[in-house]
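The values are calculated or read from the model by the stated rules, or taken from the named source; none is laboratory data. On a predicted model such as this, the values are computed, not experimentally measured, just so you know. Using ideal geometry, Cβ is built from the backbone for each residue, glycine included, and neighbour counts are taken over all protein chains shown.
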Amino acid sequence: MSHAAGGTAGDTPVDPKRPVVDGRAEERSTPELRADLDELRADLGETVEELAHRVDVPARVKERRDETVAVVRERAGQARAVVDDKAPAVGALIRDRPAVAAGGAAAFLVVLLLILRSGRRNR
């Protein structure tokens, strides 16, 4: 079965822009062949780099850790900004209405103790 280029079905390259390498001489100039070779070398280099990255598990773990640390630092900064923004209001509440603040603290302690007790029972 012939194709428009005159080859057979087995001669069709995976990528139509790339030449079929089958040992036959083609009607291509040396600069064209060199350009194709340079492109193939670049593609091969990228493939080797990608495979090396996939195999280098410690480096991938370190990258993931660094990304996670960056996200945690960003969120901690956001939380700090919220706390800094709300701190004056909480301080004023404690000064103006100490009974409400004490009630809130007591409720927090009761909830904390219930959580700790339920954790001990599940062991």
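Taking the criterion of being in a helix (DSSP H, G or I), out of contact with any helix residue (DSSP H, G or I) (no Cβ under 7 Å at 6 or more places or on another chain) and charged (D, E, K, R), would at least one residue in region 94-106 satisfy it?
yes
If the requirement is being of a type in the set (G, A, S), in a helix (DSSP H, G or I), surrounded by 10 or more Cβ atoms within 10 Å (Cβ to Cβ) and modelled with pLDDT under 85, which of these qualifies: G91, G45?
Criteria check complete, one pass: G91.
Just to be sure, is D36 assigned to a helix (DSSP H, G or I), surrounded by 11 or more Cβ atoms within 10 Å (Cβ to Cβ) and modelled with pLDDT of 70 or more?
yes
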